[in-house]
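Engineer: Pasting a structure here, questions to come.
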Ligand code: UDP
Ligand code: MG
């Protein structure tokens, strides 16, 4: 019988994880008759009772496997850990918070049976809360496409089914700063999409704050491990922005409004605004170059992407 792996990254989800597994996921899984299913629960360094809850599931039912990472590595490494361990002919990744409806899993499987090697869930609209999140999300996909990831469909999420061949290829990738969806898009293969409505969290708080999301976005473009360099870049950005504003302000005052403020607008002023602008650009470029170098540095270190705590994990080979 063919095998199916369901991979769930879990970070501080003690409030809702039990209900999610019992009430939402298990009813769907018990309806899957054609495949032997394993459910891989990756505890990503939770500091609440999540791990205990996951372990209790594994103790009751060998269908559950618990992978306990030794600390919080982030969702991307957690997914990678799950994919390495998965034995299925296909793997489905789904969040632990109920925002991605497990009821759709049979649909994913159907598409896979019909020949798709990757089935990706796409949010039917931008459900990120708040203006900045929405704007950020749009900007993220815009930049991602501009930077060569032409295949990424906006709104595609990590609710996804991937075939064994894709899993094997994915497991062979060695880079550390990874955005799973970007890499999988990059791998190619026959990819199809399923639209769904991104639900609300069942319980608990999202671990991804605006700051974390921003970091995630930065990570998918270049590595960033050295905060001072980033600050340098920000500083450059601020200087550039301010000098552009100042320049525009002076130009509008001078040439459009006819200098109602009686400002000095001579060659020296123009030159100094322009030089400040250039300093900003230089700072930004330097920070960018430095970030690339720190990325190379991190890759050459060749550290493992995650470390599994074998004592805490359950039912692993
Ligand atoms: N998650 C994780 N490690 C982290 C942060 C989150 O494994 O450091 C898990 C989390 O438990 C959930 C999924 O990744 O199952 C998505 O996280 P969240 O709901 O916070 O993000 P969002 O819904 O905003 O994508
Ligand atoms: Mg969520």
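Engineer: In the range 180-196, what residues are within 16 Å of ligand 2 (Cβ to nearest atom) and at pLDDT below 85?
Structural biologist: 180, 181
Engineer: Check the range 253-266 and report whether any residue there is assigned to a helix (DSSP H, G or I) and under 39 Å from the mean Cα position of the chain (by Cα).
Structural biologist: Among the residues of the range 253-266, not one is assigned to a helix (DSSP H, G or I) and under 39 Å from the mean Cα position of the chain (by Cα), which makes the answer no.
Engineer: Say we look at the range 5-22 and pick out the residues that are in a helix (DSSP H, G or I) and in contact (Cβ under 8 Å) with a residue 40 or more places away in the chain; which of these is farthest from ligand 1 (Cβ to nearest atom)?
Structural biologist: 19
Engineer: With respect to residue 268, determine if the residue is crowded, with 16+ Cβ neighbours inside 10 Å and either farther than 26 Å from residue 181 by Cβ or at pLDDT below 85 (or both).
Structural biologist: no
Engineer: Which residues, taken from the range 177-217, are more than 19 Å from residue 95 (Cβ to Cβ), assigned to a loop (DSSP other than H, G, I, E, B) and either in contact with a helix residue (DSSP H, G or I) (Cβ under 7 Å, 6 or more places away or on another chain) or within 16 Å of ligand 1 (Cβ to nearest atom) (or both)?
Structural biologist: Across the range 177-217, the qualifying residues are 177, 189.
Engineer: Having 1 or more residues that are at pLDDT below 95, within 16 Å of ligand 1 (Cβ to nearest atom) and farther than 20 Å from residue 9 by Cα is the bar; report the helices (runs of 4 or more DSSP H) wholly within the range 40-154 that clear it.
Structural biologist: It comes to 131-146.
Engineer: Check the range 253-261 and report whether any residue there is more than 28 Å from residue 133 (Cβ to Cβ), in contact with a helix residue (DSSP H, G or I) (Cβ under 9 Å, 6 or more places away or on another chain), loosely packed, with under 11 Cβ neighbours inside 10 Å and at pLDDT below 90.
Structural biologist: yes
Engineer: So, residue 25, is that one assigned to a helix (DSSP H, G or I) and touching a strand residue (DSSP E or B) at 6+ places or on another chain (Cβ under 8 Å) or not?
Structural biologist: yes
Engineer: So which of 281, 239, 273 ends up being in contact (Cβ under 8 Å) with a residue 40 or more places away in the chain and crowded, with 16+ Cβ neighbours inside 10 Å?
Structural biologist: 239
The values are calculated or read from the model by the stated rules, or taken from the named source; none is laboratory data. In this text the structure is predicted, and so the values were computed from the model without any measurement. Don't worry about glycine lacking a Cβ; one is built from the backbone with ideal geometry, like all the others, and counts go over all protein chains shown.
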